Protein chains: 2
Amino acid sequence: MTTTNSDLPHPDEAEITLDAVLFALSDPARLEIVAQLAEGPLEMARCHLGDPEVPKSTKSHLMKVLREAGVIRNVAQGRGRLLSLRRDELDRRFPGLIGAVLAAQAGPGTG
Amino acid sequence: MTTTNSDLPHPDEAEITLDAVLFALSDPARLEIVAQLAEGPLEMARCHLGDPEVPKSTKSHLMKVLREAGVIRNVAQGRGRLLSLRRDELDRRFPGLIGAVLAAQAGPGTG
């Protein structure tokens, strides 16, 4: 666990576990966030969910699950927060996994 | 949902969802079962978990989650039950996903 460059704790690459990553990805709303971040880092305020009714507290919890699993980074940037997918680390740790999940998420088996 | 060739319900291929599959795979014991079945179908009585203390009821529940997600088939065979991984269907539905998860499970990021 390291807090370098961030006020929130993030697991180190070697601490990321397959079961936590799969669990984090097993929710459609969390997967939607991951798909957005696969395009590039995003300010949290610009990260929108398909369902606009999702309360801010729920959105915060989704981010927390993804961060604690090691799927995303959530670091302070100015007055906001910057979210990014830990793609390189996940690809090293679980080759092909995130790519297959993102391809599946874009496909017909979701929703 | 179809019950053809089985007394237990199984989702049809088109009904299998990514989030249910990822959730089913997000548990080390369930993933252990999937890894065993990746080698070929197995009688339920011959499917063993690394932790011998796992009660039979827990094992049944693990099988149920995997079956209801569409990850495995569980059909009556003689006086026992035969378990099999729905690999071909999963590969068609989510190309590369199961392969990446199994490779990750065999790697350093588990446990």
*Considering every residue in B:12-21, what mean count of other chain Cβ atoms within 10 Å of its Cβ is obtained?*
4
*For residue B:40, what charge total do you get from the other residues with a beta carbon under 14 Å from its beta carbon, if Lys and Arg give +1 and Asp and Glu give -1?*
+1
*Where the label is 7 Å out from Cα toward Cβ, how close does residue A:8 come to the same position in every other copy, in nm, shortest first?*
3.8
*Using alpha-carbon pairs under 8 Å, 6+ residues apart, how would you state the relative contact order of chain B in percent?*
31
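Please give me the summed charge of the neighbours of residue B:90: other residues whose Cβ is under 12 Å from its Cβ, Lys and Arg +1, Asp and Glu -1.
+1
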_Are there any GluC sites (Glu not before Pro) in the stretch A:18-60 that are in a DSSP loop and have at most 10 other Cβ atoms within 10 Å? List them by number._
A:39, A:53
*Rounded to whole Å and sorted largest first, list the principal axis extents of the Cα atoms in the stretch B:13-105.*
32, 27, 21
_Under 5 Å between amide hydrogens, which residues at least 5 positions from residue A:70 or on another chain qualify, with H placed 1.01 Å from N in the peptide plane?_
none
*Tally Lys and Arg at +1 and Asp and Glu at -1 over the other residues with C-beta under 14 Å from the C-beta of residue B:78: what net charge comes out?*
+1
*For residue A:75, label point 7 Å along C-beta direction: distances to other copies, nm*: 5.3
*What are the ³J(HN,Hα) values, in whole Hz, obtained from phi via the Karplus relation 6.51 cos²θ - 1.76 cosθ + 1.60 with θ = phi - 60°, for each residue of the stretch B:24-39 in sequence order, with x given for Gly and Pro?*
4, 7, 7, 10, x, 5, 5, 5, 5, 5, 4, 4, 5, 6, 5, 7
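Over the protein assembly as shown, what portion of Cα pair distances is larger than 25 Å, expressed as a whole percent?
In whole percent, the share of Cα-Cα pairs in the protein assembly as shown beyond 25 Å is 42.
Rule-based calculations on the coordinates, nothing more; no lab input. This is a predicted model, so every value here is computed, not measured. Counting neighbours? That spans all protein chains shown, and the Cβs are built from the backbone with ideal geometry, glycine included.
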